[in-house]
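Peer 1: Dropping the structure in here first, questions after.
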Amino acid sequence: MKNLQSKLYTEFDDDPAPIVDFMQWLRESYGIANLPHILDVGSGPGRLLDEYARLGWRVTGLEPDTDFVEEAEKVAKNFENVTLRQGGFADIDEVDTYDIIAAVNDPFMYLLEVEERVDALQRMYKALRPGGVMFLEMRNFLWKLWDYKDKVEETSVVDGKTVQHIMKHHLDFHNAVWILEDEYLIDGKIQGESEVSKTHRVAMITPPELFYFVRHVGFENLRTYNSYQARAHELLNSSAMLVSAQKPAK
Ligand SMILES: C[S@@+](CC[C@H](N)C(=O)[O-])C[C@H]1O[C@@H](n2cnc3c(N)ncnc32)[C@H](O)[C@@H]1O
């Protein structure tokens with residue numbers, strides 16, 4: 001099956017509704033009055049593009065993975081207000097363009113070098129309009145130490161077949177890189193495929209380091225949250241790490 005990766009990703013993905021509700025709250029709480037232009041960085045197969053578009057927002061999706069881009073294009077072509085580009089953080093070259101730049105569900109963690117993360121923050125800062133908001137969601141590695149499991153399994157049914165999603169972790173301590181092996185085992189075959197696996201290498205980002213760089217590039221009004229249910233700044237104490245910050249208004 002073409003784009004099996006996208007299909008399996010979508011199957012095990014969470015409901016986007018709480019994310020969209022949170023984004024609407026985020027926009028209001030930072031005082032963005034106009035219908036925003038949002039850049040969805042690392043948009044994956046595009047589960048949020050149509051959700052933002054239905055709110056009347058102008059949406060630009062940016063995604064480096066070819067398989068995901070093909071799926072996201074199918075979403076984008078149904079909406080006049082959605083544009084899609086292939087690329088990642090290093091391809092954000094716009095100036096004073098977006099009201100919100102959001103990287104939901106880990107894209108920022110794929111930047112393994114500190115220099116890449118600082119470059120990404122600088123690019124997002126430049127690409128935001130004054131008063132615009134950056135939002136990053138990633139995993140809280142330090143919390144994982146509290147409840148560390150090197151293997152997690154979940155099961156779902158896709159096209160009538162049982163699919164087992166097995167996630168194994170390894171740690172590269174020297175480079176502070178977390179290696180996640182994502183494997184899908186399909187009971188029987190989905191159009192010729194019985195196994196799909198992908199290895200993700202993501203950075204172990206600690207909150208103080210991230211806060212320092214976010215402020216260093218010029219952002220202010222930094223807030224953190226533990227989940228999409230939050231409606232105020234929270235100290236981080238869960239498996240997720242959600243961070244927002246604002247480019248100063250002129
Ligand atoms: C777990 S997926 C999240 C997809 C989507 N945001 C969602 O919530 O469904 C992580 C995404 O980050 C993307 N990604 C990896 N490296 C990236 C980079 N350097 N810049 C932007 N996105 C990147 C991956 O291709 C993948 O689509």
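The values are calculated or read from the model by the stated rules, or taken from the named source; none is laboratory data. In this text, all values refer to a predicted model and were calculated from it rather than measured experimentally. Note that we place each Cβ from the backbone using ideal geometry, even for glycine, and neighbour counts take in every protein chain shown.
Peer 1: Before we move on, is E28 farther than 20 Å from L136 by Cα, assigned by TED's automatic domain parsing to the domain that holds M241, more than 12 Å from the ligand (Cβ to nearest atom) and not in a strand (DSSP E or B)?
Peer 2: Numbers: farther than 20 Å from L136 by Cα: no; assigned by TED's automatic domain parsing to the domain that holds M241: yes; more than 12 Å from the ligand (Cβ to nearest atom): yes; not in a strand (DSSP E or B): yes.
When the stated conditions are applied, E28 does not pass them.
Peer 1: Here's another thing I want to ask about it. Identify, by number, the condition in (1) touching a Ser or Thr at 6+ places or on another chain (Cβ under 9 Å); (2) of a type in the set (V, I, T); (3) not in a strand (DSSP E or B) that T224 doesn't meet.
Peer 2: (3)
Peer 1: Starting from region 85-110, take each residue that is within 7 Å of the ligand (Cβ to nearest atom) and list its partners that are of a type in the set (K, R) and at pLDDT 95 or above, counting only C-beta distances under 7 angstrom and pairs at least six apart or across chains.
Peer 2: So the pair list comes out as F89/R123.
Peer 1: Moving to a separate point now. Given the conditions (1) within 11 Å of the ligand (Cβ to nearest atom); (2) over 29 Å from E28 (Cβ atoms); (3) charged (D, E, K, R); (4) out of contact with any Ser or Thr (no Cβ under 9 Å at 6 or more places or on another chain), which single one is not true for E115?
Peer 2: Answer for E115: the failing condition is (1).
Peer 1: Let me ask something additional. When both residues are 6+ apart or on different chains and their Cβ atoms are under 8 Å apart, which pairs have a first residue that lies in region 51-74 and is without any contact (Cβ under 8 Å) to a residue 24 or more places away in the chain, and a second that is buried (at least 22 other Cβ atoms within 10 Å of the Cβ) and among the charged types (D, E, K, R)?
Peer 2: Every condition considered, the pairs that remain are V69/E63.
Peer 1: Another question, if that's okay. Given D93, D99, which one is assigned by TED's automatic domain parsing to the domain that holds D14 and in a strand (DSSP E or B)?
Peer 2: Details: D93 fails: in a strand (DSSP E or B).
Every option except D99 fails the conditions.
Peer 1: What number of residues in region 123-155 are under 24 Å from V20 (Cα atoms) and among the hydroxyl-bearing types (S, T, Y)?
Peer 2: Residues in region 123-155 being under 24 Å from V20 (Cα atoms) and among the hydroxyl-bearing types (S, T, Y): 1 in total.
Conditions (1) touching a helix residue (DSSP H, G or I) at 6+ places or on another chain (Cβ under 9 Å); (2) surrounded by 17 or more Cβ atoms within 10 Å (Cβ to Cβ); (3) among the aromatic types (F, W, Y), marked per residue:
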position	(1), (2), (3)
T66	no, no, no
N78	yes, no, no
D96	yes, no, no
A103	yes, yes, no
E137	yes, yes, no
D150	no, no, no
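Peer 1: What is the one condition in (1) more than 18 Å from the chain's Cα centre (by Cα); (2) surrounded by 14 or more Cβ atoms within 10 Å (Cβ to Cβ) that H233 does not satisfy?
Peer 2: The single condition H233 does not satisfy is (2).
Peer 1: Which of the following residues is modelled with pLDDT of 95 or more and either closer than 25 Å to K247 by Cα or away from the ligand (no atom under 12 Å from the Cβ) (or both): V59, V157?
Peer 2: Going through V59, V157 in turn, the sole match is V59.
Peer 1: Kindly check whether there is at least one residue in region 160-175 that is within 13 Å of the ligand (Cβ to nearest atom), at pLDDT 95 or above and either of a type in the set (S, T, Y) or crowded, with 16+ Cβ neighbours inside 10 Å (or both).
Peer 2: Scanning region 160-175 turns up no residue that is within 13 Å of the ligand (Cβ to nearest atom), at pLDDT 95 or above and either of a type in the set (S, T, Y) or crowded, with 16+ Cβ neighbours inside 10 Å (or both).
Peer 1: Answer yes or no as to whether A127 is within 10 Å of the ligand (Cβ to nearest atom), modelled with pLDDT of 95 or more and either more than 13 Å from the chain's Cα centre (by Cα) or not basic (K, R) (or both).
Peer 2: Values: within 10 Å of the ligand (Cβ to nearest atom): no; modelled with pLDDT of 95 or more: yes; either more than 13 Å from the chain's Cα centre (by Cα) or not basic (K, R) (or both): yes.
Here the answer is no, as A127 does not meet what is asked.
Peer 1: Please verify whether D187 is within 22 Å of the chain's Cα centre (by Cα), over 30 Å from Q24 (Cβ atoms) and either surrounded by fewer than 12 Cβ atoms within 10 Å (Cβ to Cβ) or of a type outside the set (A, V, I, L, M) (or both), treating the condition exactly as stated.
Peer 2: Details: within 22 Å of the chain's Cα centre (by Cα): no; over 30 Å from Q24 (Cβ atoms): yes; either surrounded by fewer than 12 Cβ atoms within 10 Å (Cβ to Cβ) or of a type outside the set (A, V, I, L, M) (or both): yes.
Considered against the rule, which asks whether it is within 22 Å of the chain's Cα centre (by Cα), over 30 Å from Q24 (Cβ atoms) and either surrounded by fewer than 12 Cβ atoms within 10 Å (Cβ to Cβ) or of a type outside the set (A, V, I, L, M) (or both), D187 comes out as no.
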